[in-house]
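The values are calculated or read from the model by the stated rules, or taken from the named source; none is laboratory data. What you see is a predicted model; the values in this text were computed from it and never measured. Because the Cβ atoms are built from the backbone with ideal geometry, glycine has one as well, and the counts that use them run over all protein chains shown. Accessible surface is based on the protein model in full, side chains and every heavy atom, while ligands, DNA and RNA are left aside. Shrake-Rupley method; radii C 1.70, N 1.55, O 1.52, S 1.80 Å.
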Amino acid sequence: MHESLPSIISDRTLDALKGYGFPDADRALLQSFTDPTLNLLGGGKRVRGLLSIAGAMCTTGIEPSDSAFEVAAAVEIFQGAALVHDDIMDDSPTRRGQPAVHVAFASNFENSDLVGDSAMFGRDAGICSGDFLLALASSHMLKHASMPANQRFQTMCAEVAFGQFLDIRAENIDLIALLDGDNPREALLAARQDAFSVLRHKSARYSVRDPLLIGADAAGADETLLDTLNRIGSPLGEAFQLRDDALGVAGDPAQTGKPTGGDLREGKRTVLILTTLARLAGTPEATEIARALGQDLTDTQVRDITAAIVDCGAWDEHEELIAERERAAQLAWEELPAGPGKHLLDQLMQRLTNRKH
């Protein structure tokens, strides 16, 4: 991969945030508002921005233009907005190995002369911060991208919000009622289909497919190329999120930047969890796992649930779901014409399919 691309995307992303201001705003207060997001946007692997660049390069057949980097920056800023809001809703204390934005705001509050509830302040300030990043990303896209790219970008923003709603709704599905029903396995498999819907709308598309297509649209891609990129990005995005769900159960905190078993403690109804419960339907173990989801689990309890996931065969089934999608993406990738864009996309696909964090 071009080693300089991530750093260029990072520079453009941070420059966009630093360069945004209001003529009559107090500089110190504005800085206190943007500093936590500067820290957030200063990290990350820039995969979405790189996918946007790959889409542009697949379209033009040449190295990325200046505007392609600005489009990539807008995609990265939107990613920041999504992370800020997601961490608030999930009550996640860390992101990218450092305090989540709302936690940073709360910490700053405690060290200030202000009075009140620091956690509430952090949450409310974090919501404002996420909204600010979303507006900045949209403004940046309008300035640097074509109308088709902007339309796709706005659709992505709206779909992620809908997907987040589906995720919140899914967290309140009564798993015990499903397990106690007349046909618990079928009910849980139906719930798993709903989990796939959450996966696609909330994260799979905006994580891979949409950045790829936005970059291509901004560079003037034709329908044939967009179709090919869609057939690469859609299954690859699902594989990416399925892998993320596995890491959410058994990932190494040193690599993921988040606690082991985070999805279990948050009560996520992921494809992996629902596959496990469907396989264990009718057993006391299934009920124990269902009751444990969303609780303040010890590390030992997390390890026990993980062992159950593996022992019942759900982990292997989940791995095959990932592999199926990776194979479909690879077949579509082979249709791309040779060039620097195809080469970059190949490297990104390898990174996404072999990820540990």
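May I ask you to derive the FRET efficiency for Asp113 and Gln151 from their Cβ-Cβ distance with R0 = 41 Å, giving the value to the nearest 0.05?
0.35
Considering lysine pairs in the chain that are 8 or more places apart or on different chains, how many have Cα atoms under 24 Å apart?
The number of close lysine pairs in the chain is 13.
No solvent, one uniform scatterer per C-alpha: report log10 I(q)/I(0) for the chain via the Debye equation at q = 0.10 1/Å, two decimals.
-0.64
Each residue of the range 340-354 in turn: what ³J(HN,Hα) in whole Hz from Karplus with 6.51, -1.76, 1.60 and θ = phi - 60°, glycine and Pro shown as x?
Rounded to whole hertz, the list is x, x, 5, 5, 4, 5, 4, 5, 5, 5, 4, 5, 5, 7, 10.
If the label point is 7 Å along Cα→Cβ of Asp194, which residues in the range 144-170 have backbone nitrogen under 17 Å from it?
Under cut-off, by backbone N: 162-170.
Where the accessible area of the chain is counted over protein heavy atoms with a 1.4 Å probe, how much of it, in %, is carbon and sulfur?
That share works out to 51 percent.
Mind checking which of Ile214, Ile62, Ile273 has the largest fluctuation in a GNM of the chain, springs on alpha carbons under 10 Å?
Ile62
For the range 307-322, just list the computed ³J(HN,Hα) in residue order, Karplus coefficients 6.51, -1.76 and 1.60, θ = phi - 60°, integers in Hz, with x standing in for Gly and Pro.
Those phi angles translate into 4, 5, 4, 6, 5, 7, x, 5, 4, 5, 5, 5, 4, 5, 4, 5 Hz.
When only alpha-carbon atoms count, how far does the range 91-165 stretch along each of its three principal axes, as whole angstroms with the largest first?
Computed over the range 91-165, the largest-to-smallest principal extents equal 47, 25, 23 Å.
Skip the ligands, DNA and RNA, and give the accessible area per residue of the chain with a 1.4 Å probe, whole Å².
45
Tell me the label-point distance for the pair Asp24, Lys143, using the 7 Å Cα-to-Cβ offset, in nm and rounded to one decimal.
2.2
According to the square roots a ≥ b ≥ c of the eigenvalues of the Cα gyration tensor, what is the shape class of the range 106-221, taking rounded for a/c under 1.5, prolate for a/b larger than b/c otherwise, and oblate for the remainder?
oblate
Treating the range 294-357 as a set of equal point scatterers at the Cα positions, no solvent, please give the Debye-formula log₁₀ I(q)/I(0) at q = 0.16, 0.21 Å⁻¹.
-0.70, -0.91
I'd like the accessible area for Met147, computed on protein heavy atoms only with a 1.4 Å probe and all protein chains in place. Round to 10 Å², please.
Ignoring ligands and nucleic acids, Met147 comes out at about 120 Å².
Give a residue-ordered list of calculated ³J(HN,Hα) values for the range 266-278 (Karplus: 6.51 cos²θ - 1.76 cosθ + 1.60, θ = phi - 60°; whole Hz; x for Gly, Pro).
For the range 266-278, the Karplus-derived couplings read 7, x, 5, 9, 7, 4, 5, 5, 6, 5, 4, 5, 5 Hz, x marking Gly and Pro.
So if I place +1 on the C-beta of Lys and Arg and -1 on the C-beta of Asp and Glu, and nothing else carries charge, what would the dipole magnitude of the range 214-357 be about its Cα centre? I want it in debye, nearest 20.
Charge dipole of the range 214-357: 320 debye, to the nearest 20.
Springs between alpha-carbon pairs under 10 angstrom, Gaussian network model over the chain: which of Ala54, Ala170, Ala72 fluctuates most?
Maximum among the listed residues: Ala170.
State, in angstrom, two size descriptors of the range 20-139 derived from its alpha carbons: Rg to one decimal place and Dmax to the nearest whole number.
For the range 20-139, the Cα-based Rg and Dmax read 16.3, 57 Å.
Per residue of the chain, what 222 nm ellipticity follows from adding -39500 (n - 2.57) for every DSSP H run with n ≥ 4, rounded to the nearest 500?
For the chain, the value works out to -24000 deg cm²/dmol.
Using Cα springs under 10 Å in a Gaussian network model of the chain, which residue among Val71, Val198, Val115 shows the largest mean-square fluctuation?
In this elastic network of the chain, the residue with the biggest mean-square fluctuation among Val71, Val198, Val115 is Val115.
Students often check this: by mean Cβ neighbours within 10 Å, which of 231-240, 17-26 ranks highest, and how do the rest follow?
Result, highest mean first: 231-240, 17-26.
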